[in-house]
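The values are calculated or read from the model by the stated rules, or taken from the named source; none is laboratory data. Keep in mind it's a predicted model, so treat the numbers as computed, not measured. Virtual Cβ from ideal backbone geometry, glycine too; neighbours counted across all protein chains shown.
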Amino acid sequence: MSETATPEAPDATGSERSALTDSRFLAWALAGLVLFAVEAPALVTFVVGFLADAIAAFPTSYAATAADFLVGIERAAIDLPTLLSRDLVPNQGYWNGEQWVGTFLGLSPAVSWAIRVALVYAYAFAFLGWFAAGYELYRRRYRTADWTPRDDVVDRFRGHSWGKFGLVVVFLFVTMAVFAPTLGPTTVDQNMRDSYSYEMQYWNADAQEVQTTLVGEANRNSQSAGDSANVGPLSYDDYGRYHPFGTMPTGSDLFTFIVVGSRISLIIGVLSVALSALLATSLALVSAYYKGRVDLSLVLLSDAVMAMPQLLLLIMLSTVLAETWIGGIYSGGFVLALIFAGTGWTYMWRSVRGPALQVSERSWIDAARSFGQTPTTIMRQHMLPYVTGYLLIYGSMTLGGAIISIAGLSYLGLGVAPPTPEWGRAINLGQDYVATGSWHISLIPGVLITIVVTGFNALGDGIRDAIDPQSDSATGEAAGRGGGA
Amino acid sequence: MSRLKYLAKRVLMMIPVVWLGASMTWFIIFMGPIDPAARLLSEGQTRNPAAYERAQEQLGLNQPPLQHYMDWMWNLITFDLGQTWLLYQGSSVNALILDFLPRTLFLGFWSVLVAVLVGVPLGFYAGMRSNTVMDYVASMGGIVWRAMPNFWLAIMLLVLLQNSEAYFFGFNWQTFGVNLDALTGAPDMSRLASVDGFLAATKKVLPAALVLGSASMGNEMRIGRTAVLEVKNQEYVDLARAKGVSDRAIVWKHIFRNALIPLVPVITSEAFLLIGGSVLVETVFGINGIGWLFYRAAIQGDLPLVGSLMYIFILMIVGVNLLQDVLYTFIDPRVGLEGN
């Protein structure tokens with residue numbers, strides 16, 4: 001007991017638990033440091049680049065100066081050695097008649113690229129393992145309590161293989177989005193944005209010599225447009241470039257397009273889910289606390305928003321907001337996230353309102369009220385902790401739905417503005433070639449969307465069963481569908 | 001009596017929902033960052049002040065906003081939806097909706113039917129034989145089926161059907177049963193009364209209906225399975241069995257009827273998805289229904305038409321909600337007896 005323990009006579013187990021000089025903790029901290037150090041420049045580049053983009057979105061002269069300054073830092077950080085960079089394991093080289101030049105250790109571009117991808121995923125899983133080990137260490141050795149209710153949730157999730165499958169799929173997808181620039185066999189700039197500004201060397205088999213050409217020119221000759229011209233998955237084009245998923249009708253690399261596209265899907269998805277979770281929780285707490293008329297008016301409001309089909313509302317709002325300054329941020333992705341949050345909170349609100357109403361009936365709420373606590377404190381401290389778990393469930397499912405909707409909108413040519421890659425646009429571009437040799441352009445993005453959405457749904461299922469094993473498995477169905485896209 | 005009261009209450013609740021939805025639509029379109037009048041005019045006309053003023057006047061935008069709002073709402077209530085500006089220029093919106101809506105309704109009808117006829121039996125089957133291989137296959141299939149993007153599924157299905165002869169060992173979908181001139185395009189709604197015409201129109205929308213119903217099919221399967229599993233272990237089923245009720249009667253009278261209750265809200269809530277998804281599916285299959293009309297109006301900038309169509313969509317969804325409540329009172333006798 002803490003009352004009996006004095007500084008002069010410390011409790012033996014307590015001091016052991018709080019000792020941060022423990023060898024196991026040191027090993028864990030060291031591993032973390034190593035993991036961080038090998039990727040530190042990339043992290044700095046990402047954060048600074050993101051800030052620069054965010055600041056540049058504000059149309060003032062100060063913002064431009066600040067953005068320039070940040071871009072300077074970004075340039076400096078790029079030159080530092082990083083484990084998972086294109087420079088350390090390059091895959092863009094050429095065949096000089098005898099061997100590969102410019103690739104990793106003289107290996108073929110395909111093998112070099114595969115090594116880099118393997119390295120990225122090994123790193124990601126090492127990070128995941130490090131995180132899990134840290135949690136385990138904390139739970140077994142440092143936490144004062146032997147057991148908390150959350151332990152049961154975690155343990156139940158561990159025994160849920162379907163949920164774990166979802167977690168792995170989601171983790172693979174997130175890794176893909178985070179390391180997008182490293183994973184692609186080529187860069188976005190070279191691939192589609194500015195391909196005529198880059199030169200490349202290749203082995204001309206007819207002339208039996210190494211020649212130089214523009215990347216854009218090479219792309220133009222590696223198009224996938226039906227049976228006559230096709231560069232399929234897992235194959236090389238005539239310029240010795242490897243295309244894991246083949247090329248697109250423009251001749252750019254599909255894999256690069258997809259990994260970069262995963263980033264925008266994930267960012268819009270996470271942003272919109274976070275915003276709608278915020279909105280849904282606050283409104284659910286308000287309606288559960290005040291009940292009566294407040295609740296009724298919120299029911300009517302959410303019914304009215306739900307009466308407008310989400311996809312149609314998305315189409316309408318993205319047309320109306322397309323030409324405003326807010327519509328230009330992040331290729332229209334930001335306004336898309338806002339629209340998603342504005343239309344999608346209703347589904348989440350409906351599912352959180354039930355649990356919130358149940359909590360509001362409990363005696364501790366009455367007790368807190370008679371104790372004189374303010375409504376906001378009661379909502380935050382005594383109600384919120386009981387509904388956050390449900391947010392995770394619907395958040396996971398809504399994210400899957402958001403990915404489908406974003407893809408559906410860009411299939412229609414709305415939402416994310418070209419040339420920013422988006423999976424739905426790849427499906428649209430390849431639509432005419434599905435029955436031909438260039439089937440990969442539409443098929444692969446669609447299969448990937450299916451897998452990722454299944455993963456998010458499975459994760460949601462797993463979390464639900466972990467949080468509330470008695471709940472019926474029928475909740476949250478509409479959330480994972482993205483308004484019918 | 002209490003059931004009637006319950007239904008009356010639900011009808012009453014719909015009025016503010018429609019009003020709120022229509023008001024939000026008005027606000028987005030007429031108070032948003034885009035000037036609907038300028039959007040309707042071509043480049044040259046925008047610079048012509050006379051043409052611009054004429055457009056503003058016809059839209060009523062030269063009035064104070066409140067007056068415009070009242071007029072617009074009144075026009076919606078009386079279904080005086082005016083005429084189109086860009087799409088099918090100058091035709092009456094009412095006539096356009098009456099022309100396009102039946103195709104979407106026909107598509108929606110079949111997609112609900114396909115989903116119910118495939119999803120529910122599969123789910124009940126999986127539930128009755130839970131934890132068998134067939135159950136796992138069916139459940140897994142339902143989960144993956146749900147996660148597929150509709151528009152992508154539509155493209156893939158279309159390709160499969162177009163080349164059905166090569167993929168399905170000589171089975172040709174296009175000439176199977178009723179001969180179709182093209183796989184995509186609108187169903188011929190004028191000959192629905194004749195058997196031949198009905199079959200042709202049905203065959204035309206069937207692939208689209210399958211795609212549109214895909215999400216609902218997966219959901220219905222899953223919920224059907226859970227419902228059967230739950231009902232199967234209820235005490236009244238055991239009691240019926242102990243009384244010597246035949247297996248057939250137990251399944252049909254005691255299990256299925258009760259398992260249907262959680263399915264009703266699923267089937268009707270799918271209406272949201274059907275109406276929303278109709279835009280993409282109609283675009284891929286080239287069916288010129290109301291969802292397609294909405295999409296064309298939105299991208300061409302005919303915002304007044306977008307607003308009117310949104311009102312129709314709101315009415316449709318609210319109508320489906322009402323239908324759900326009516327069905328509920330039929331299936332579940334407890335509705336309305338316990339307050340809510």
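With the structure loaded, tell me whether B:A138 is surrounded by 14 or more Cβ atoms within 10 Å (Cβ to Cβ) and of a type in the set (A, V, I, L, M, F, W, C) or whether it fails that test. Yes; evaluated as a whole, the condition is true for this residue.
Regarding the range B:227-242, can at least one residue be identified that is crowded, with 24+ Cβ neighbours inside 10 Å and under 30 Å from B:F106 (Cβ atoms)? Yes.
If the condition is being under 10 Å from the mean Cα position of the chain (by Cα) and not aromatic (F, W, Y), then the range B:245-278 contributes B:T268, B:S269, B:E270, B:A271, B:L273, B:L274, B:I275, B:G276, B:G277, B:S278. Quick one: would you say B:I15 is within 14 Å of chain A (Cβ to nearest Cβ) and more than 23 Å from B:A298 (Cβ to Cβ)? Yes: the conditions hold for B:I15.
Quick check, is A:I406 within 14 Å of chain B (Cβ to nearest Cβ) and in a helix (DSSP H, G or I)? For A:I406, the condition - within 14 Å of chain B (Cβ to nearest Cβ) and in a helix (DSSP H, G or I) - is met. Going by the conditions given, is B:A138 away from every other protein chain (no Cβ under 14 Å) and small (G, A, S)? Considered against the rule, which asks whether it is away from every other protein chain (no Cβ under 14 Å) and small (G, A, S), B:A138 comes out as yes. In this structure, is A:A341 within 25 Å of B:I317 (Cβ to Cβ), away from chain B (no Cβ under 12 Å) and surrounded by fewer than 23 Cβ atoms within 10 Å (Cβ to Cβ)? Spelling it out, A:A341 is indeed within 25 Å of B:I317 (Cβ to Cβ), away from chain B (no Cβ under 12 Å) and surrounded by fewer than 23 Cβ atoms within 10 Å (Cβ to Cβ).
A quick yes/no check of all residues on (1) surrounded by 23 or more Cβ atoms within 10 Å (Cβ to Cβ); (2) hydroxyl-bearing (S, T, Y); (3) under 30 Å from B:L20 (Cα atoms):
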{"site": "A:S224", "(1), (2), (3)": "yes, yes, no"}
{"site": "A:L234", "(1), (2), (3)": "no, no, no"}
{"site": "A:L271", "(1), (2), (3)": "no, no, yes"}
{"site": "A:Q310", "(1), (2), (3)": "yes, no, yes"}
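Filter the range B:280-301 for residues that are touching a Pro at 6+ places or on another chain (Cβ under 9 Å), outside any helix (DSSP H, G or I) and more than 10 Å from chain A (Cβ to nearest Cβ); which is nearest to A:I315 (Cα to Cα)? This residue is B:G289. For the list (1) surrounded by 15 or more Cβ atoms within 10 Å (Cβ to Cβ); (2) in a loop (DSSP other than H, G, I, E, B), I need the number of the one condition that A:T256 fails. Unmet condition: (2).
Among the residues of the range A:432-449, just one is surrounded by fewer than 20 Cβ atoms within 10 Å (Cβ to Cβ) and at the interface with another protein chain (Cβ under 8 Å from one of its Cβ atoms), namely A:A435. Any idea how many residues of the range A:409-423 are more than 9 Å from chain B (Cβ to nearest Cβ) and either outside any helix (DSSP H, G or I) or touching a strand residue (DSSP E or B) at 6+ places or on another chain (Cβ under 8 Å) (or both)? Total satisfying the criteria: 8. Selection of first residues in the range A:176-192 that are under 25 Å from A:E217 (Cβ atoms) and of second residues that are among the small types (G, A, S) and in a loop (DSSP other than H, G, I, E, B), restricted to Cβ pairs under 6 Å at least 6 apart or on distinct chains, gives the following pairs, ordered by first then second residue: A:N191/A:S252; A:M192/A:S252. Cβ separations smaller than 7 Å between residues 6+ apart or across chains give the following pairs from the range A:376-387 residues that are in the same structural domain as A:R353 (by TED's automatic domain parsing) to residues that are charged (D, E, K, R): A:I378/A:R369. Restrict the check to the range A:292-306 and report whether at least one residue is basic (K, R) and outside any helix (DSSP H, G or I). No, the conditions are met nowhere in the range A:292-306. Condition check: closer than 18 Å to A:L409 by Cα, of a type outside the set (G, A, S) and away from chain B (no Cβ under 14 Å). Does A:L312 satisfy that? No; evaluated as a whole, the condition is false for this residue. When B:N233 is tested against the conditions (1) polar (S, T, N, Q); (2) under 29 Å from A:G408 (Cβ atoms); (3) within 14 Å of chain A (Cβ to nearest Cβ), the lone failure is (2).
With the structure loaded, tell me whether A:I329 is under 27 Å from the mean Cα position of the chain (by Cα), part of a helix (DSSP H, G or I) and either surrounded by fewer than 24 Cβ atoms within 10 Å (Cβ to Cβ) or in the same structural domain as A:I267 (by TED's automatic domain parsing) (or both) or whether it fails that test. Yes: the conditions hold for A:I329.
Among the candidates A:M348, A:M316, the residue that is buried (at least 20 other Cβ atoms within 10 Å of the Cβ), free of Cβ contacts under 8 Å to residues at least 60 places away in the same chain and either outside any helix (DSSP H, G or I) or in the same structural domain as A:L391 (by TED's automatic domain parsing) (or both) is uniquely A:M316. When the range B:298-318 is limited to residues that are at pLDDT below 90 and among the small types (G, A, S), the one that is farthest from A:S410 (Cα to Cα) turns out to be B:G301.
Scan the range B:267-305 for residues that are closer than 24 Å to B:G185 by Cβ and in contact (Cβ under 8 Å) with a residue 24 or more places away in the chain and the total you get is 24. Taking the criterion of being more than 26 Å from A:G437 (Cα to Cα), assigned to a loop (DSSP other than H, G, I, E, B) and outside the structural domain of A:T436 (by TED's automatic domain parsing), would at least one residue in the range A:216-236 satisfy it? No; the residues of the range A:216-236 include none that is more than 26 Å from A:G437 (Cα to Cα), assigned to a loop (DSSP other than H, G, I, E, B) and outside the structural domain of A:T436 (by TED's automatic domain parsing). Picking from residues in the range B:146-162 that are under 20 Å from B:W173 (Cβ atoms) and without any contact (Cβ under 8 Å) to a residue 24 or more places away in the chain, the one that is surrounded by the most Cβ atoms within 10 Å (Cβ to Cβ) is B:W152. Across the range B:255-265, a minimum of one residue is classified as touching a residue at least 40 places away in the same chain (Cβ under 8 Å), surrounded by fewer than 24 Cβ atoms within 10 Å (Cβ to Cβ), within 12 Å of another protein chain (Cβ to nearest Cβ) and closer than 19 Å to A:Q310 by Cα. When B:Q56, B:Q89 are checked against the criterion of being over 20 Å from A:L313 (Cβ atoms) and outside any helix (DSSP H, G or I), B:Q89 stands alone in meeting it.
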